[in-house]
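What follows is a single structure, written as structure tokens, with notes after it.
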Amino acid sequence: MNSYLPVNSVLRSLEVLKILNRQRVSSVDHIHRVSGLPKPTVVRLLETLIEAGYVSKRESDKGYRVTSQVAALSCGFHGAPLAVEAGRPWAQELTRVHKWPVAIAVPNGNAVMVCDTTCGESPMAPYHALIYKRMGLVTTALGRAYLAFCPPEERRLTMQLLKNSAHPDSEIMELSDMVDHVIRVTQKMRFAERIGVKASEPSSSVAVPIYGHDEGKILATIGMTYYTRAVRREDVLKRYVPQLKAASAAITESIKRMSHALDAEKAEWSGDVVVKNGEAAPVAASV
């Protein structure tokens, strides 16, 4: 639940921006009819947005349009944030089908950070307090999925960072042979795995990388956690891993569509003529 009631003026301003963004020029009357807001309110919101630099007024026909400043609102929406948003529907679908929680993590220097999880939607989640938690690149499946499959030069630099800075796996970095073995095994299996072997660690996880539209660039990793004694190894290999890989490939396609849509919108805000193809939102998952 929210701590406070939403600020209606902010919600109305965002609604006006959405309406303006759907066509090149909008009138006060058009915004009034689409939004249902009184015309005086529409005018006040438009003048506020003009003052902020997000809207301009065309004196010739009394129309309003968004400015290129609107593109700045999406400057941070690329790479990892884009992967998390594109991946969320697929993570939810995997949990709906298999009941186990799914998490999406992004590279975070010498670790990965969990940016989305379906723990709250899973009836069988071994852990709950994972959101925004930094996890090791060697000891966790989400981390291994990045470390083992990122480009060689990126891995070399990351390994140097792991050796020379504090991180969740600092205690094991002296065991260089073991770390190298983990990377080789993960690469050979073509997916990452953490198998719980202690009574205090009753769960296991599998994970795979999520690639961007740039070849070889890993934007995030996606993994599923389950109780080790509740799942047969055969199910992990024949069901969970292939479906994680299928979800990863679909997420990459969604990232491409979303990136193209963002680029088209930015170009349109800049005054370029662009033909939009596809939608920015990921299609429904069927994994």
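The values are calculated or read from the model by the stated rules, or taken from the named source; none is laboratory data. What you see is a predicted model; the values in this text were computed from it and never measured. All Cβ positions, glycine included, derive from the backbone under ideal geometry; neighbour counts span all protein chains shown. These area figures cover heavy atoms from the full protein model, side chains too; ligands, DNA and RNA do not enter into them. Shrake-Rupley method; radii C 1.70, N 1.55, O 1.52, S 1.80 Å.
Rundown of residues vs (1) open to solvent by 70 Å² or more (accessible area, probe 1.4 Å); (2) modelled with pLDDT of 85 or more; (3) touching an Asp or Glu at 6+ places or on another chain (Cβ under 8 Å); (4) not charged (D, E, K, R), yes/no style:
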| residue | (1), (2), (3), (4) |
| --- | --- |
| Ser9 | no, yes, no, yes |
| Val43 | no, yes, no, yes |
| Arg58 | yes, no, no, no |
| Ser74 | no, no, yes, yes |
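Being touching a Cys at 6+ places or on another chain (Cβ under 8 Å) and touching a residue at least 40 places away in the same chain (Cβ under 8 Å) is the filter here; which residues of region 108-152 pass it?
Residues satisfying the conditions are Ala125, Tyr127.
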Could you tell me which residue of region 76-129 is modelled with the highest pLDDT, considering only residues that are touching a Ser or Thr at 6+ places or on another chain (Cβ under 7 Å), open to solvent by 10 Å² or more (accessible area, probe 1.4 Å) and in a helix (DSSP H, G or I)? Gln92
Regarding region 184-205, can at least one residue be identified that is over 14 Å from Gly87 (Cβ atoms), modelled with pLDDT of 95 or more, of a type in the set (Val, Ile, Thr) and more than 26 Å from the chain's Cα centre (by Cα)? yes
May I ask you to list pairs of residues, at least six apart or on different chains, whose Cβ atoms are under 8 Å apart, with the first in region 18-37 being surrounded by 15 or more Cβ atoms within 10 Å (Cβ to Cβ) and the second being of a type in the set (Asp, Glu) and part of a helix (DSSP H, G or I)? Asn21/Glu265; Ser35/Glu15; Leu37/Glu15
Go through the residues of region 130-146 one by one and say whether even a single one is modelled with pLDDT of 90 or more, more than 14 Å from Gly223 (Cβ to Cβ) and either of a type outside the set (Phe, Trp, Tyr) or buried (at least 21 other Cβ atoms within 10 Å of the Cβ) (or both). yes
Taking Leu142 as the residue in question, decide whether it is touching a helix residue (DSSP H, G or I) at 6+ places or on another chain (Cβ under 7 Å) and closer than 25 Å to Glu253 by Cα. no
Given region 167-267, what strands (runs of 3 or more DSSP E) lie entirely inside it while holding 3 or more residues that are open to solvent by less than 10 Å² (accessible area, probe 1.4 Å) and touching a strand residue (DSSP E or B) at 6+ places or on another chain (Cβ under 9 Å)? 203-211, 218-227
Just one of (1) modelled with pLDDT of 95 or more; (2) aliphatic (A, V, I, L, M); (3) surrounded by 13 or more Cβ atoms within 10 Å (Cβ to Cβ) trips up Leu157, so point out which. (3)
